[in-house]
């Protein structure tokens, strides 16, 4: 859920430290490409899920002794690796019969959802941590296709 609600990259997700999370303001400090820092937001539903998750990992033995500040850890309290997170995400998304699936699919869905909700491309560029607007414009083809479909169905000169 954190992938979709925040638009983080896979490497940003696995490097999140508990000390980087501001639960009172629903914000996380992440370090993206080139070790550049940015702040991402998450919704209250994601916040509730993260708190539930934190309660679960506290049940593992030795957590307090081996505490390493990583948000996502395995049963041995070691930070999850990219490949493990990819496998988890892909196994869950595979069930949805999508054309493509994986961690980046969720990032793409985040951007597309924002575009479809009327958020400006410049704001999305900032939220995704893109330096170049052309990197963000990749996400616009989905909304243009949706717009054409809406015109076909709704416009007086469309193909009703």
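Going residue by residue through the stretch 140-156, is there one that turns out to be at pLDDT below 70 and assigned to a loop (DSSP other than H, G, I, E, B)? Yes; the residues of the stretch 140-156 include at least one that is at pLDDT below 70 and assigned to a loop (DSSP other than H, G, I, E, B). How about the stretch 31-53: which of its residues are touching a residue at least 24 places away in the same chain (Cβ under 8 Å) and within 18 Å of residue 14 (Cβ to Cβ)? Correct list: 32, 33, 36, 38, 40, 42, 46, 49, 50.
Taken over the stretch 1-21, the criterion of being in contact with a strand residue (DSSP E or B) (Cβ under 9 Å, 6 or more places away or on another chain) and not in a helix (DSSP H, G or I) is satisfied by 7, 8, 9, 15, 16, 17, 21.
Looking across the stretch 1-19 at every residue that is surrounded by fewer than 17 Cβ atoms within 10 Å (Cβ to Cβ) and more than 18 Å from residue 45 (Cβ to Cβ), the one that is farthest from the chain's Cα centre (by Cα) is identified as 19. Just to be sure before I move on: is residue 24 part of a loop (DSSP other than H, G, I, E, B) and either at pLDDT 85 or above or within 26 Å of residue 138 (Cα to Cα) (or both) in the structure I sent? The answer is yes for residue 24. For first residues located in the stretch 1-22 and more than 19 Å from residue 90 (Cβ to Cβ), partners that are at pLDDT below 85 and surrounded by fewer than 17 Cβ atoms within 10 Å (Cβ to Cβ) and lie 6+ apart or on another chain with Cβ distances below 7 Å form the pairs 17/69; 18/69; 19/69.
Filter the stretch 27-70 down to the residues that are part of a loop (DSSP other than H, G, I, E, B) and modelled with pLDDT of 90 or more and list them by number.
Within the stretch 27-70, 42, 43 meet the criteria.
Please work out which residue is nearest to the chain's Cα centre (by Cα), limiting yourself to the stretch 82-121 and to residues that are surrounded by 13 or more Cβ atoms within 10 Å (Cβ to Cβ) and not in a helix (DSSP H, G or I). Restricting to residues being surrounded by 13 or more Cβ atoms within 10 Å (Cβ to Cβ) and not in a helix (DSSP H, G or I), the top hit is 102.
The values are calculated or read from the model by the stated rules, or taken from the named source; none is laboratory data. Everything numeric in this text was worked out from a predicted model, so none of it was measured. Positions of Cβ are generated from backbone atoms using ideal geometry, with glycine treated the same way; all protein chains shown enter the neighbour counts.
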